[in-house]
Structures are given as structure tokens and as C-alpha cells.
1. Within segment 493-509, work out how many residues are modelled with pLDDT under 85, touching a strand residue (DSSP E or B) at 6+ places or on another chain (Cβ under 6 Å) and not aliphatic (A, V, I, L, M).
2. What is the one condition in (1) touching a residue at least 24 places away in the same chain (Cβ under 8 Å); (2) in contact with a helix residue (DSSP H, G or I) (Cβ under 6 Å, 6 or more places away or on another chain); (3) surrounded by fewer than 21 Cβ atoms within 10 Å (Cβ to Cβ); (4) among the hydrophobic types (A, V, I, L, M, F, W, C) that residue 147 does not satisfy?
3. Test of understanding: among 204, 189, 143, which residue is under 19 Å from residue 254 (Cβ atoms), in a helix (DSSP H, G or I) and at pLDDT below 85?
4. Which members of segment 537-553 meet the condition of being assigned to a helix (DSSP H, G or I) and either within 13 Å of residue 508 (Cα to Cα) or out of contact with any strand residue (DSSP E or B) (no Cβ under 8 Å at 6 or more places or on another chain) (or both)?
5. Do the conditions hold for residue 171, that is, is it assigned to a helix (DSSP H, G or I), surrounded by fewer than 16 Cβ atoms within 10 Å (Cβ to Cβ) and assigned by TED's automatic domain parsing to the domain that holds residue 137?
6. Pick from 404, 411: which is of a type in the set (A, V, I, L, M), modelled with pLDDT of 90 or more and in contact with an Asp or Glu (Cβ under 8 Å, 6 or more places away or on another chain)?
7. Of all residues in segment 207-223 being of a type in the set (Gly, Ala, Ser) and in a helix (DSSP H, G or I), which is farthest from residue 130 (Cα to Cα)?
Amino acid sequence: MTEENASAAGHTRGAAWRLLGYLRPYRRYVGVAYGGMLLGTGLNLIVPKIIAWAIDYGLSEGQASTLFAAGGIILVIALVRGLLGFGQRYYGEWLTHRVAYDLRNDFYNAVQYQPFAFHDQSHTGDLMSRATSDIGEAERFAGIGLMDLLATILLVIGVIAAMMIESVPLALLGLIPLPILLITTVHFGLTVEPMFKRIQEQMGVLSTVMQESLSGIRVVKAFAREPHELDKFDRENDEWFTRREGVIKKWANNWPFMTFLIMMSVFFLLWFGGPAALEGRITVGSLFALISYILMLNTPIQRLGFLVNLAATAGASASRVFEIMDLPAEVVDRQDAIALPEARGDVKFEHVSFAYRDRLHVLADIDFRARPGERIALIGPTGSGKSTITNLIPRFYDVSSGRVLVDDYDVRDLQLKSLRSHIGMVLQEPFLFTQTVAENIAYGRPGADREDVVAAAEAAHAHEFILELQDGYETRVGERGVTLSGGQKQRIAIARALLADPRILILDDSTSSVDTETEHLIQEALAELMKGRTTFIIAQRLLTLKHADCILVLQDGRIVERGTHDFLLSQTGLYRQIYDLQLKDQEEFVALQESGGAGGQGSKGAKNHAPIVDGEEVREA
């Protein structure tokens, strides 16, 4: 075994021991199940002895009463063994599925509380494989598998003791193949442990391929790439089968050899014990009992290979589950974290820099202030750091240097739940759950009245199209909201954020999926609803930018310009370049809207507020 495989095997065994710790809270059930197993194993060892007694004192001496007594005792043992077997199996299966229940809960909790950085790098298919396939393999060993393994070990010990009682010389002869059998079994288990780890890892890859293909099925069909996806899946599936086939071969090579060793023991007993029985040195019943004990080992010893196989699989699977559970939660509450029961919405960035774990620097020396009720627009090329800035406010990531403050509290000093309860977000790609429209809107405020849900939908201009759906607000949307258009999903997401009634709103390009007319309606509603709330808007639409109190222009993770739309347009910097290339064409449409009254306040709605630099207002020239 290579050093790498030895290390993997050691890690796997450690995971298996840790898995058994999940049995600790259920000691009573463990006691019943394992007590039934111990008594049942002991009763099994008595049966050959009773048959030997019946042969020696019943058949040999022609005593029918002895045969009837032996038969009666065996019948009683069978009845008791049946009751014990029920307790063993029932509670064994209960423990199996209870361990899976607890382990799955712990795994899911660990995934839920992992930071954004973890989810940025993880594959959904692999996580699903760990939560289903890996936990399924682990549960089989933690309950019934471990019990059967211990029963087999105890049976082997009991058989050796019983054979020694019958005849030490013959027992030693019959047990000659046993050490070879045990060595073969242990070697098999050590060999297949890392093999099973590789199988489970490949299952994670396979699940990822399937998940991505099914999630992107519209793109696949749009480009007629079904053959490509099938080939990709076949390659990974073939690799999984190749790894599984290696274990099958290893198993097939060991199983017949184990059976051969058992038969060798029977051969030794008949070869040497037969003449001893004929000469009267041992009784026929004793010889029969010795052979019965050896044959009693046949199925358990063969099953021992399966159980070692199962233990190896469970250890490999459990190590993959614990691998996720043991990841440190990068963003956690401090021990002395305080709650923020009420918020004004005063947000400050003080010389903030940020880099991901791979040392990729995203932000450098970001410094600005957003007063309560102000609207801050963020604009800049792709990858300039706009979304990262908004992600630092609810503390999805921790800053590398500097401070982010909400109401003069460093966000790292606030309880996460308390902080995020005051922040509403509409992400760039709106996500809807496979629930009703009403449940999706009320997701951030469970238990909200229907009147409040409808009011939020009306404010987001979603009420009319919702009523046109088959079941109105009770219509169940498809997976990820696939039954709705992009604009409809976006408006439901906006309604969800508005219903939460936050003091701070983050709209991450929240009108990118709607047409210009719908965007205008949404902006009209938001203009009223944003009053008293601090709002951060990532947008490329001119209407949004004109109504912002301050526009932060980002490039390469730095703020290169700041000010109102008119102020920045009077400069010759990056904002003017973006305006000329992307926004100027929208000017005519906006002018038409405003001249026709469609724009509501129009350009008058945009305050000519001076930007904040290092806590001081910068007046326009």
C-alpha cells in the first residue's frame, strides 16, 4: 500500500469511528439491539451441542425421550431466537435511519451556514451526492452493518471456544485455515478502503455533470448539444463503472478463496476426526458438533468480507460528509456580538480592501458614506467590484482591511441575524423556490398577511400578472421559477425584498431582466418606497442613475469618480465614456417619457446632492 493510500485509509477509519459517535444519544436502543444480538449468538452456539447430545444419548442408545427433549429444546431456542431477532432487526434498522437523519441534518446545517466563498467554489451536484449517496452508504454501516460485524466476530470467538471444549486437538486442526482467512479478510478491507473513496468522489463528479446538464437544459436544447452532454455524461459514468469494477474484481478474487478455506477445515476434521470417532476416542456427536461449528462459520465468514466492504464504503463516505462539516465557517458571530434592534441605515466604508482566499484582490481603499434615505448607484465595467461592495454590507464576506459600518457599528461586531434582518436584497439573478407565488413573496417575512403580500406585489407592479396566472397568488412556480418570464421573476423578487421592510435596500442590477416600460413602472414604485431607506443600486440604466443621490464609478476595484449624474457628465472621466457608449441612446426615450408625463417626477426627482468624500461634501463647480 502506498503512503498516500495508507493516509487515506487512516483518515477513513477515523471517519468511521466518528460516525459511530452518532449512536451515543440512543444508548437504550443500542442496548436492546445489541443485547438481542448477543443472546441470539449465544443460543446459536448451543444448538450443535444439543444435537451432539441427541446423537450420543438418543440415537446411539435408542432413547426416544432424549430425541424428543432435544427437539423441544431446539424449538424453544428457535422461538426465543425469533423474538430476539425481531428486537435486533427492528432497533438495528431504527438506529440505521436515525443516524442518517441526524447526520443529514448536521450536514445540511453545515452547508447552510457556510459563507458565500464556499458556495462560490462548490458544485451543487457534488454536495447533493454527499447528502444522499454518501450518507446512504454511511447509514448502512452505523446501524445494521456494525451489529452484523460484531455478531460475526463474536460468533468466530464463540465457535473457537466451543470447539476447544469438544476436542482441543481436532479444534486446532480444524482451525488451521482460520488465521489465513482472517488475514485475507483484513487485507481485503485495507485494500478496498481507498478504492471506495475514489468511487464516491467520482459519484460526486457524475452528479455535478447531471445537475449542470439538467439545470441548463434550455441552453442544451437551444444549441442542439444533446449528443455532447450525453458523451460527457457517458465518460464520467464509464469512469465510475471502471472504479467500481476494480472493487468487484477484488471481491470476486477473495470470495472463492474464503469458501475454499472453510472447506479445508471440514476436510481436516473428517480426515483426522473420522478415524478417532471410529476408534471411540471421541463420540460421533462430538465430531458432528465440530463440523457443525465450522460450517456455522461459512456464511458469517463470507459475510465478513461483505461487512468489511461495507465498513470501508461507510468510512470513505463518512469522510466526504465530515469533510464539509469540518470546514470553518469564515463569517461567524463574535462572542460579544451585539444585536441591532433598530437601524437608521447609515452606511460607511472606511478604506476598505478585500481579497478572496486565493489572494485575488477585488477592492482597494473603498471609502464613502451613504446617509439614511440616500440612493447610491454603483456603475463600472464587469469585474470592477460593484457586487462585492454590496456583499460586504450584510457581511457575506469579511473585509481584508478597513471597516464597514452600519449606524456607526462595525458589521463584524453585530449579530449576523440582526444585521441581515435590516437589509433587503434583490440579486442579479432572481431565485424563486418551487412554492406558491405568495410563499415566495413572503419568504423574508414568514407569516405575513395576504394584504401585505398583495401590497408588496402591487408596489413592485407584479399584482396584475399574478392575477392572470392559473391560481393567482397560489400558483406554484416551476423549479427556479422557470414558468415565469425574467421580468416577472424580477418583480416577485423585488416584492419579496419590499415586504421585508428593510432599512437598507440592495438592488443588484434588479431591472436588468425587464423591458424599459416595466423598468419605468418599477422605478416609479420604488421612488416612493425608498423614502427613509438607504438604497444601493447596481444598474446600467440611465433612469436609475439620474435619480441617484450619488453615483460611485468603479474601475479595477477602486472608486475613480463620484457624484451626481449631471456632475459626472460634466467631467471627462470614465462615467462620460460609459454614457457616450452605453447610456446616451436611452436619453431620447427618457426625454419622451418625461415630456409625456410618464416619468412622474422625471429629472426633477433626482436630487442634486453633493457626493461625500472622506466625510465631507464635494460641491460641484
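The values are calculated or read from the model by the stated rules, or taken from the named source; none is laboratory data. It should be emphasised that the depicted structure is a prediction, and the values quoted were computed from it without experimental measurement. Every residue, glycine among them, receives a Cβ derived from its backbone with ideal geometry; neighbour counts consider all protein chains shown.
1. So the answer is 2.
2. That leaves (3) as the condition not met.
3. Criteria check complete, one pass: 189.
4. Within segment 537-553, 542, 543, 544, 546 meet the criteria.
5. Spelling it out, it is not the case that residue 171 is assigned to a helix (DSSP H, G or I), surrounded by fewer than 16 Cβ atoms within 10 Å (Cβ to Cβ) and assigned by TED's automatic domain parsing to the domain that holds residue 137.
6. None of the other options fit; the residue is 404.
7. This residue is 222.
For every residue, the table says whether it meets (1) more than 19 Å from the chain's Cα centre (by Cα); (2) hydrophobic (A, V, I, L, M, F, W, C).
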{"position": "279", "(1), (2)": "yes, no"}
{"position": "285", "(1), (2)": "yes, no"}
{"position": "290", "(1), (2)": "yes, yes"}
{"position": "310", "(1), (2)": "yes, yes"}
{"position": "315", "(1), (2)": "no, no"}
{"position": "318", "(1), (2)": "no, yes"}
